[in-house]
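Presented below is the structure to which this report refers.
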Amino acid sequence: MTSEAKTLQAGARRAPQLPTAMADLLRNRQKLKKELLEQPNLLSTRIAILGGSTTTEVKSMLELFLLAQGIKPTFYESGYNRYYEDVSFANPELWNFKPDIVLVHTTWHNVSQFPELMETEAEVEERVRHEMAGFEAFWEKIHAELGAVIIQNNFDLPRLRPLGNLEASQPFARLNFLMRLNAEFANYARSHSRFFINDIHYLSAHVGLTEWLGNSYWYSFHMALSPTATVALARNVAAIVKSIYGKSKKCLVLDLDNTLWGGVIGDDGVQNLLLGSEHTVGAIFRDFQQYVKDLQRRGIILAVCSKNEPETAKEGFSHPDSILKLEDFAAFKANWNPKPGNIVEIAEELNIGLDSLVFVDDNPAERAIVAEHLPEVAVPDVGSDVSMFAEILERDRYFEVDKLVQEDLSRATFYASNAQRKTSGSSFANYGEFLASLEMTGVIGPFTPMYLERITQLINKTNQFNLTTRRYTGAEVEAVAHDPSFITLYGRLIDKFGDNGLVTVLIGHVIDDMVEIDVWLMSCRVLNREMELAMFDALVEHCQARGIRRIVGVYIPSKKNGMVAKHYADLGFERVDGASEGRDLWQYEVPQTYEVKTRYIRRTTEPVLAPENTEAAPVSSGV
Amino acid sequence: MTRYEFLLQMDEILGLPAGTLRGNEKLEELENWDSTSLITFIALADSAAGVNVSPAQVVNCLTVADLLRVARVDISPTAQSA
């Protein structure tokens, strides 16, 4: 087993798992909270819950689900139904709290005015505009003055339908009105990067409207959600928060026999596998494959970990009804070795942390072994009913994303290209020759609006090649991009096989004739390509242009960034004595004449087209 | 549900070591008896015991034994020793 696996065995411990049965969750919440708080390295965040109804239960459950994701929240709660006043009148308590995230917990009960019967479509639209104007002013004040990310409930539907089925068709009907508002909320979310919808319209349908609101809870406590609904809501909000902080999973590792197809391929042969619509059980496996394929299309990396002969295992994907194809998998481990070792190798091959993996296997013994040996890998208890596998993956929201960017969608192309690069590398006499053959171009420039989302995503996801592991919110990234006392640089790397996308970010704070590097990170996928040298060359040129004489590098060691401990030394920085505990300081005198360090990357600030037949490729999964 | 099982569940709800509660404790003297545990009690009475307890009934309870009564827990001597 690798050194990483040994480290894990020595130090890591699986976080307590939250029970799926609501009664167990409710009954044990005190104990669970205590256990979850004992986890090391919890990420702190400040969340203001602004409620249109009582939010005590929401807070309690959300705390549990966030702790289970390794996030420790501190909460502010508005008074009952004081969400609007708290913001409109700038409640000092809320302003002093300085939330990172504002959760606006409103429901259909908080709609100020529904249309009157028989109102025309135009009149109803006017009401929609009026309602939206109120919400938009409210959201914009939060963004502008609190600088917080907003998570906003859209609207659930009332259980009662005074107009019967006409509720669905008449413009003046409540149901139709709420659907219009939901559409407007969605429009707003699409055009505002720090605004996220908590889709309670879907959640309430999933839970069932009868279960969603408990009359006794509403009339006695003004809780707009029953305990069952509160659990569903908390799970969903925690998934959004997790994605904002870049803690969502990136890779699905799958067993084959009786997981992706029915039967044992080594015994039954490909022709006898249960797969496809001709057979009841085969249809279940086909549908699960379709779900997995859908995940892959939106950028989730797929890997196989199966106890099989490799060639036999691969044959399964030649089944005519197999939706998944061999090329959909970025890593393929079929052998007779223990699965934990194979999974560690998969993580290494893909250059991602073990905590980015979800392992799905129908065999409970294999799940138990992986869970035992690799506590950082998520191992959902999927049971043996394959028709439930997708439901369980959905329920636990492993792969929630805050935004989809082009790089996410092109991940499969990237991996194909990466495999080509590796194959190509093996045929050269030396590494330099290989790098030269890649015909690399680095596009390096100051932060620009079109890349801010991507930059924020990288800052909040990168752990390994990250000198300080400092996180920035979208607002902070936007602020430094416009602040002349900062030098900001992003870097994209393009080679003859394709576009690696935006892979590196640097933020330096200029103080007089010195710049201190607050953030410097790079996707591990472009390690050993000299991209860090290209960034340094660009930084030095910026410093020379601005009369900056000294560059100060900061290295804050973390559990994951050991690979960059010598980064500044390698670049020729001198270590500064007497640095404070937990951070190393390095300095570099900017010379008047500087010899560029990059040998194999042509550097430009201009957009460059990727080679034909390639697409912009991802970096987010590899960080 | 037996009295013993119920008391164990109440221990868990209130974050107390198993076997702490005996039944005669005053709710107002229990540190963790708050709105969250009250709601949890109602939800559990419904999901675990199938008894629909109204918030008003709980608010009128003064002791753990009162909660047992509204949750219609079997308080017979045999049940106690279960």
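The values are calculated or read from the model by the stated rules, or taken from the named source; none is laboratory data. On a predicted model such as this, the values are computed, not experimentally measured, just so you know. Cβ atoms come from the backbone with ideal geometry, glycine included; neighbour counts cover every protein chain shown. Side chains are part of the model used for accessible areas, which takes the heavy atoms of the whole protein and leaves out ligands, DNA and RNA. Shrake-Rupley method; radii C 1.70, N 1.55, O 1.52, S 1.80 Å.
May I ask you to work out the translational diffusion coefficient for the protein assembly as shown at 25 °C, viscosity 0.890 mPa s, via Stokes-Einstein with Rh from the Kirkwood sum over Cα pairs, reported in whole µm²/s? Intermediate results must be reported in sequence, preceding the final value.
Working: Rh = 28.4 Å.
Roughly 86 µm²/s, to the nearest whole number.
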Test item: A:27-34 mean partner chain Cβ contacts at 10 Å: 5
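Which values, in whole Å and largest first, are the semi-axes of the equivalent ellipsoid of segment A:267-390 obtained as the square root of 5 times each eigenvalue of the Cα gyration tensor? It would help to have the intermediate numbers written out before the result.
Details: eigenvalues 107, 49, 47 Å².
Values for segment A:267-390, descending: 23, 16, 15 Å.
Under the Kirkwood approximation applied to all pairs of distinct alpha-carbon atoms, what is the hydrodynamic radius of segment A:428-564 in Å? It would help to have the intermediate numbers written out before the result.
Values: mean 1/r = 0.0647 Å⁻¹.
Final number for the Kirkwood radius of segment A:428-564 is 15.5 Å.
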Pop a pseudo-label 7 angstrom from the Cα along the beta-carbon direction at both A:SER318 and A:SER44 and give the gap in nm to one decimal. 5.9 nm
Protein accessible area in the protein assembly as shown, 1.4 Å probe - carbon and sulfur %: 50 percent
Enumerate the amide H contacts of A:GLY263 below 5 Å, restricted to partners 5 or more residues apart or on another chain; note that Pro and chain-start residues carry no placed amide H. A:ASN258, A:LEU274
With all protein chains modelled, accessible area of A:CYS305 [1.4 Å, Å²]: 0 Å²
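Express in nm, to one decimal, how much length is gained between A:LYS496 and A:ALA186 on full extension, taking 0.36 nm for each residue of separation and deducting their alpha carbon distance. Write out the running numbers ahead of the final one.
Numbers: separation 310, 0.36 × 310 = 111.60 nm, distance 3.92 nm.
Here the segment from A:LYS496 to A:ALA186 would lengthen by 107.7 nm.
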About the Cα centre, charge dipole magnitude for the protein assembly as shown (Lys/Arg +1, Asp/Glu -1 at Cβ), debye: 800 debye
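Equivalent ellipsoid semi-axes for segment A:1-142, as square roots of 5 times the alpha carbon gyration tensor eigenvalues: give them largest first, rounded to whole Å.
On the way: eigenvalues 325, 64, 48 Å².
Semi-axes (√(5λ), whole Å): 40, 18, 15.
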Sorted by mean Cβ packing within 10 Å, highest first, what order do the peptides A:86-92, A:270-276 take? A:270-276, A:86-92
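With a 1.4 Å probe and all protein chains left in place, how much accessible area per residue does segment A:464-538 have, in Å²? Don't skip to the end; give the middle numbers.
Values: 1970 Å² over 75 residues.
So segment A:464-538 comes to 26 Å² accessible per residue, rounded to a whole number.
So for each of A:13-23, A:456-466 I average, over its residues, the number of other beta carbons within 10 Å; can you give me the resulting order with the highest mean first? Walk me through the numbers on the way to the answer.
Numbers: A:13-23: 15.1, A:456-466: 24.0.
The peptides rank, most packed first, as A:456-466, A:13-23.
Quantify how strongly other chains surround peptide A:234-244 by giving the mean number of their Cβ atoms within 10 Å of each of its Cβ atoms.
Per-residue shielding by partner chains comes out at 0.
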What size of dipole, in debye to the nearest 20, comes out for segment A:132-188 about its Cα centre when the only charges are +1 on Lys and Arg C-beta atoms and -1 on Asp and Glu C-beta atoms? 280 debye
Which one of A:PRO340, A:VAL270, A:VAL104 is farthest out on the positive end of the charge dipole of chain A, using unit charges on Cβ (Lys, Arg +1; Asp, Glu -1) and the Cα centre as origin? A:PRO340
If one computes the Cα centroid of segment A:480-544 and of segment A:241-306, what distance in Å separates the two points? 39 Å
With the cut-off at 25 Å, tell me which of the pairs A:LYS242/A:LYS307; A:LYS72/A:LYS249; A:LYS34/A:LYS461; A:LYS31/A:LYS98 have Cα atoms farther apart than that. A:LYS242/A:LYS307; A:LYS34/A:LYS461; A:LYS31/A:LYS98
To the nearest 10 square angstrom, how much accessible area does A:MET179 have with a 1.4 angstrom probe? 80 Å²
Net dipole in debye of chain B [+1 Lys, Arg Cβ; -1 Asp, Glu Cβ; about Cα centre; nearest 20]: 280 debye
Place +1 on the Cβ of every Lys and Arg and -1 on the Cβ of every Asp and Glu in segment A:237-353, take the dipole about the Cα centre, and give the residue among A:ILE301, A:ILE284, A:THR312 whose Cα lies farthest towards its positive end. A:ILE301
At a probe of 1.4 Å, how much accessible area disappears from chains A and B on forming the pair, both sides counted, to the nearest 100 Å²? 1300 Å²
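Find the accessible area per residue for segment A:161-244; the probe is 1.4 Å, ligands and nucleic acids are left out, and the unit is Å².
About 40 Å² of surface per residue is accessible.
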What do you get for GluC sites (Glu not before Pro) in segment B:1-42 restricted to DSSP loop and a cutoff of at most 12 other Cβ within 10 Å of the site's Cβ? B:GLU31
Long-range tail of P(r) for chain B (Cα pairs > 16 Å, %): 45 percent
Once amide hydrogens are built 1.01 Å from N within the peptide plane, the residues lying 5 or more places from A:ASP499 or on another chain with amide H under 5 Å from its amide H are A:GLU615, A:ALA617
Just report the Cα centroid separation between segment A:101-144 and segment A:371-405, whole Å. 36 Å
Compute, for A:TYR188, the solvent-accessible surface of its heavy atoms (probe 1.4 Å) with the complete set of protein chains present, and express it in square angstrom to the nearest 10. 10 Å²
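Please work out how much length the chain gains when fully extended from A:ALA133 to A:ASP287, using 0.36 nm per residue of separation minus the C-alpha to C-alpha distance, in nm with one decimal.
Working: separation 154, 0.36 × 154 = 55.44 nm, distance 4.28 nm.
Fully extending the segment from A:ALA133 to A:ASP287 adds 51.2 nm.
Out of segment A:505-602, which trypsin sites (Lys or Arg not before Pro) are coil in DSSP terms and have no more than 13 other C-beta atoms within 10 Å? Intermediate results must be reported in sequence, preceding the final value.
On the way: sites: A:ARG525, A:ARG529, A:ARG546, A:ARG549, A:ARG550, A:LYS559, A:LYS560, A:LYS566, A:ARG575, A:ARG583, A:LYS597, A:ARG599, A:ARG602; in loops: A:ARG529, A:ARG549, A:LYS559, A:LYS560, A:LYS566, A:ARG583, A:LYS597, A:ARG599.
Within segment A:505-602, the qualifying trypsin sites (Lys or Arg not before Pro) (loop, at most 13 other Cβ atoms within 10 Å) are A:LYS559, A:LYS566, A:ARG583, A:ARG599.
Suppose only helical runs count, i.e. DSSP H with n ≥ 4. What mean residue ellipticity at 222 nm does that imply for the protein assembly as shown under -39500 (n - 2.57) per run, divided by all residues and rounded to the nearest 500 deg cm²/dmol?
Values: 30 runs with 289 residues, N = 705.
Taken over the protein assembly as shown, the calculation gives -12000 deg cm²/dmol.
Give me the percent relative contact order of chain A, please, defined on Cα pairs under 8 angstrom at least 6 residues apart.
In percent, rounded to a whole number, it is 11.
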Defining a contact as two alpha carbons under 8 Å apart and six or more residues distant in sequence, what relative contact order in percent does segment A:1-153 show? 23 percent
Neighbouring partner chain Cβ atoms per residue of B:30-37, average, 10 Å criterion: 3
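Chain B: longest stretch without exposed trypsin sites (Lys or Arg not before Pro) (DSSP loop, at most 16 other Cβ within 10 Å), sites themselves excluded? Show your work: numbers first, answer last.
Values: sites that count: B:ARG22, B:ARG72.
Here the longest segment lacking exposed loop sites spans B:23-71.
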Please list, ordered by chain and number, the residues whose modelled amide H lies under 5 Å from the amide H of A:ILE151; skip anything fewer than 5 residues away on the same chain. A:VAL102, A:LEU103, A:VAL104, A:PHE196
